[in-house]
Amino acid sequence: MIVLGIETSCDETGIALYDSERGIVAEALYSQIKLHQQYGGVVPELASRDHIRKTLPLIREVLTRANCSGKDIDGVAYTAGPGLAGALLVGASIGRALGMTWNVPTLGVHHMEGHLLAPLLEADAPAFPFLALLVSGGHTQLVAVQDIGQYQVIGESVDDAAGEAFDKVAKLLGLEYPGGPQVARLAQQGTPLRFVFPRPMTNRPGLDFSFSGLKTFVLTTVQEHTRDGPLDAQTRADIAHAFQEAVVATLTIKCKRALQQTSMKRLVIAGGVSANTRLREELALMSAQQNARLYYPKLQYCTDNGAMIAYAGCRRLMAGQSDDLAFHARPRWSLETLPPLAALSR
Ligand code: KG4
Ligand code: ZN
């Protein structure tokens with residue numbers, strides 16, 4: 001089965017073709033970073049308008065690259081949520097329209113299921129069951145995954161997501177949007193242990209996260225060091241370093257606890273923050289100590305992309321799931337409400 005995947009939930013237009021026999025056959029990604037940079041973050045209305053401009057030309061480009069036409073496509077998958085309502089509607093409308101034109105089934109995919117299944121695109125894919133740490137700009141969740149669609153969220157952030165904290169700290173340090181990769185780069189020049197920031201919610205039981213206090217801690221530290229003038233370059237790097245270490249340590253402590261509680265031996269990380277090198281290093285170390293193995297997608301599939309949507313869509317379309325005529329964009333949508341794949345194919 002060949003499935004066209006369309007991702008338009010935020011600031012990236014991602015298009016891909018996934019063939020259940022051959023894997024990803026072609027893909028294209030357009031990032032709106034330049035468009036939003038002057039505003040310091042994503043402007044939803046501009047995002048929607050840009051998805052309208054880019055989605056169809058990118059689909060044409062991907063089909064040409066794969067030497068395919070509409071006749072070769074067996075299904076269309078688009079991100080139905082969670083995300084920005086207007087941006088989601090662009091992908092949903094185009095996906096549904098193409099499905100009708102080509103007379104093939106379409107399916108609205110859960111964006112976080114896309115992230116969660118992205119490591120299955122790798123040659124060395126994790127087997128089920130596994131524990132997943134989803135760390136994106138909008139979500140920080142620990143999920144016990146029994147199979148596709150059998151998800152139990154066992155921990156999540158009570159306020160900011162880890163990626164969101166990276167982005168906000170980037171702003172405090174005067175770095176450009178999107179902040180995560182910039183904070184990570186700056187942190188490399190930081191002096192270890194000049195600052196030590198708290199590891200929120202780690203000294204009490206439970207698997208939930210909170211990152212908003214850590215962001216305030218960074219703000220206070222920046223204020224203390226800007227009383228007599230702007231932050232000097234080394235102090236900025238030292239703050240970035242201490243912040244990244246605090247986030248990484250917090251995520252690692254919670255993943256260790258979750259592995260112990262669930263007795264799982266596979267840990268999967270996905271979403272934009274899973275691209276973070278320090279996080280990968282620390283989680284690999286901890287997993288080895290727990291006799292577990294760490295899995296993550298290749299870098300280009302950590303952040304938003306069309307391939308993960310085409311893949312998740314293909315798995316579900318092959319099991320017989322598809323949209324009815326009424327389609328919805330779901331800006332808020334719980335992973336736990338998705339139907340188990342096993343029940344669909346029965
Ligand atoms: O998954 P994603 O592309 O979009 C959402 O679904 O939100 O994640 C984007 C988030 C942003 O907050 C970005 O700053 C963060 O992932 N991010 C990183 C890194 N690369 C992206 N955070 C820390 N280190 C990185 N290397
Ligand atoms: Zn995402």
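Nothing in this text is a laboratory measurement; each read-out follows from the coordinates by a stated rule. Computed from a predicted structure; not experimentally measured. Cβ sites come from the backbone with ideal geometry, for glycine too, and all protein chains shown count toward neighbours.
Ordered by the number of other Cβ atoms lying within 10 Å of each residue's own Cβ, fewest first, D147, D228 fall into the sequence D228, D147.
Per the Cα gyration tensor, the chain maps to an equivalent ellipsoid with semi-axes of 35, 24, 16 Å, ordered largest to smallest.
May I ask you to list the GluC sites (Glu not before Pro) in the stretch 72-177 that are in a DSSP loop and have at most 16 other Cβ atoms within 10 Å of their Cβ? Here the GluC sites (Glu not before Pro) that fit, given the DSSP loop and packing criteria, are E122, E176. Modelled spin labels at A284 and R194, positioned 7 Å past Cα toward Cβ, are 2.7 nm from each other. Charged side chains reduced to their Cβ positions (Lys and Arg at +1, Asp and Glu at -1) give the chain a dipole of some 340 debye around its Cα centre.
Site pair A125 and L344 shows an inter-label distance of 1.4 nm when each label is modelled 7 Å from Cα along Cα→Cβ. Checking every one of the chymotrypsin sites (Phe, Trp or Tyr not before Pro) in the stretch 83-177 against DSSP loop status and a limit of 12 other Cβ atoms within 10 Å picks out no site at all. Give the angle, between 0 and 90 degrees and rounded to the nearest 10, that separates the Cα long axis of helix 44-65 from the longest principal axis of the Cα atoms of the chain. The angle comes out at about 50 degrees.
Over the residues of the chain, the helix contribution to mean residue ellipticity at 222 nm works out to -13500 deg cm²/dmol, using -39500 (n - 2.57) for each DSSP H run of at least 4. Kirkwood-type hydrodynamic radius, the stretch 221-265: 12.7 Å, calculated from all non-identical alpha-carbon pairs. Stretching S334 away from R22 to a fully extended chain increases their span by 109.2 nm, per 0.36 nm per residue minus the current alpha-carbon distance. A straight line joining the Cα centroids of the stretch 246-324 and the stretch 159-197 runs 21 Å. Compared with the dominant Cα axis of the chain, that is its longest principal axis, helix 212-224 is turned about 40°.
Annotation note: chymotrypsin sites (Phe, Trp or Tyr not before Pro) in the stretch 1-99 located in DSSP loop regions with a Cβ neighbour count of at most 13 within 10 Å are Y39.
In this simple spin-label model, placing a label point 7 Å from the Cα along the Cα-to-Cβ direction at both S93 and I33 gives a separation of 2.9 nm. Computed from Cα atoms, the angle from the helix 306-318 axis to the main principal axis of the chain rounds to 50 degrees. Hey, could you get me the Stokes-Einstein D for the stretch 97-175, Kirkwood radius over alpha-carbon pairs, 10 °C and 1.306 mPa s, rounded to whole µm² s⁻¹? Diffusion coefficient, whole number: 106 µm²/s.
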